[in-house]
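Asker: Sending over a structure as structure tokens; questions will come in a sec.
The values are calculated or read from the model by the stated rules, or taken from the named source; none is laboratory data. Just so it is clear, the model here is predicted, and its values are computed rather than measured. Methodologically, a virtual Cβ is constructed for each residue, glycine included, from the backbone with ideal geometry; neighbour enumeration extends over all protein chains shown.
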Amino acid sequence: GTQRVKDQVAFVTGAGSGIGRAAAIRLAEQGAKVCLADLKDSRADEVKRIIEQAGGEAIVADIDVSDPARVSEGIRQTFDRWGRLDIVFANAGINGTWTPIEDMAEEEWDNTLTTNLKGTFLAVKYAIPHMKQNGGSIIITSSINGSRKFSNFGASAYSASKAGQVAFAKMAALELARYKIRVNVICPGAIQTNIGENTEKTPELEKIEIPVKYPEGSQPLEHKAGKPEQVADLVLFLASGESSHISGTELFIDGVESLL
Ligand code: NAD
């Protein structure tokens, strides 16, 4: 069949693992040229090989999403390589430190907010000049923690950063409509990725654990955490022309987890 994002150019952050990796592979399979943006020591090179072996095109950009110089450089590199930019998937993120608010170090708060929220702002800010001629689609990865489920105790900084992304995405959708740039935010529930590697749960958490606790993977629809590939299908839909009338929307992809 016809490819759904044929000849489009995509910039994907956090492309070395989990949701970003699956989305980058899916976009490339559907005809997009993809810049795999991730930290220097990430697994983005492996994703590049997978895409190329399948006949697709990809480059790797070593960026820390919280570093404006690296983000703007990575986006410029993408534009220079292929002469356009149509899709931005601002997805990189960390769980950070989960601890009671009274024990949360200011540096830990800042690190989570800077990576998740400022990182999103920077990717959007530096993409606009390259997208405003032809329009395009920006997709931001928030979480059900951004508006609907707060039972991960200790995740105050994470939840604040994720809520900030939702508000930012809606504002951006309004503001960028004049350039025909659509902006949508996705809110996954638990997904099987490597995000646990970037999670620090402190012993102090026991102070605030309450007995309303669901076992790992309690999602009414499939009774297990979702797969990155399922999220990638939503990202592809939002990136493609199939969603041409959808902007400013918050989409939950959680197997009904957040309504428990
Ligand atoms: P993951 O850890 O598997 O992948 C995240 C990628 O982002 C990694 O490759 C990592 O190197 C990269 N990254 C982290 N900090 C970065 C930085 N400062 N600069 C550049 N790259 C950076 O995790 P994932 O689950 O795929 O996470 C992707 C997004 O999904 C995050 O925003 C996360 O909050 C969100 N999310 C995940 C879940 C889940 O259950 N896995 C649920 C809801 C939302």
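Asker: Applying the selection to region 154-172, what residues are touching a residue at least 12 places away in the same chain (Cβ under 8 Å) and more than 16 Å from the ligand (Cβ to nearest atom)? Don't jump to the end; show me each part of the working.
Answerer: Applying the first criterion (touching a residue at least 12 places away in the same chain (Cβ under 8 Å)) to region 154-172 yields 154-166, 168-170, 172.
Those that are touching a residue at least 12 places away in the same chain (Cβ under 8 Å) and more than 16 Å from the ligand (Cβ to nearest atom): LYS170, ALA172.
Asker: Within region 128-151, does at least one residue satisfy the condition of being out of contact with any Asp or Glu (no Cβ under 9 Å at 6 or more places or on another chain), of a type in the set (Ser, Thr, Tyr) and in a strand (DSSP E or B)?
Answerer: Within region 128-151, one or more residues are out of contact with any Asp or Glu (no Cβ under 9 Å at 6 or more places or on another chain), of a type in the set (Ser, Thr, Tyr) and in a strand (DSSP E or B).
Asker: Quick one: which strands (runs of 3 or more DSSP E) sit completely within region 173-257 and have at least 2 residues that are within 13 Å of the ligand (Cβ to nearest atom) and within 30 Å of GLY135 (Cα to Cα)? Before you say what the answer is, go through the steps one by one.
Answerer: Numbers: elements: 181-188, 199-201, 250-253.
Answer list for region 173-257: 181-188, 250-253.
Asker: Something else about it: If you go through region 20-40 one residue at a time, do you hit one that is of a type outside the set (Val, Ile, Thr), near the ligand (Cβ under 7 Å from one of its atoms), part of a loop (DSSP other than H, G, I, E, B) and modelled with pLDDT of 95 or more?
Answerer: Yes - at least one qualifying residue is present in region 20-40.
Asker: Pick from ALA105, ALA54, ALA90: which is more than 30 Å from LEU205 (Cβ to Cβ) and small (Gly, Ala, Ser)?
Answerer: On the way: ALA105 fails: more than 30 Å from LEU205 (Cβ to Cβ); ALA90 fails: more than 30 Å from LEU205 (Cβ to Cβ).
Being more than 30 Å from LEU205 (Cβ to Cβ) and small (Gly, Ala, Ser) holds for just one of ALA105, ALA54, ALA90, which is ALA54.
Asker: Looking only at region 235-258, which residues are without any contact (Cβ under 8 Å) to a residue 40 or more places away in the chain and under 16 Å from CYS187 (Cα atoms)?
Answerer: Of everything in region 235-258, those that are without any contact (Cβ under 8 Å) to a residue 40 or more places away in the chain and under 16 Å from CYS187 (Cα atoms) turn out to be PHE237, VAL256.
Asker: On to the next question. Report yes if VAL12 is within 17 Å of ALA239 (Cα to Cα) and either small (Gly, Ala, Ser) or crowded, with 17+ Cβ neighbours inside 10 Å (or both), otherwise no. First the steps, then the outcome.
Answerer: Numbers: within 17 Å of ALA239 (Cα to Cα): yes; either small (Gly, Ala, Ser) or crowded, with 17+ Cβ neighbours inside 10 Å (or both): yes.
Answer is yes for this residue.
Asker: For region 73-92, does any single residue satisfy the condition of being over 14 Å from the mean Cα position of the chain (by Cα), more than 24 Å from SER244 (Cβ to Cβ), in contact (Cβ under 8 Å) with a residue 24 or more places away in the chain and buried (at least 19 other Cβ atoms within 10 Å of the Cβ)?
Answerer: Checked against the condition, which is being over 14 Å from the mean Cα position of the chain (by Cα), more than 24 Å from SER244 (Cβ to Cβ), in contact (Cβ under 8 Å) with a residue 24 or more places away in the chain and buried (at least 19 other Cβ atoms within 10 Å of the Cβ), region 73-92 yields at least one hit.
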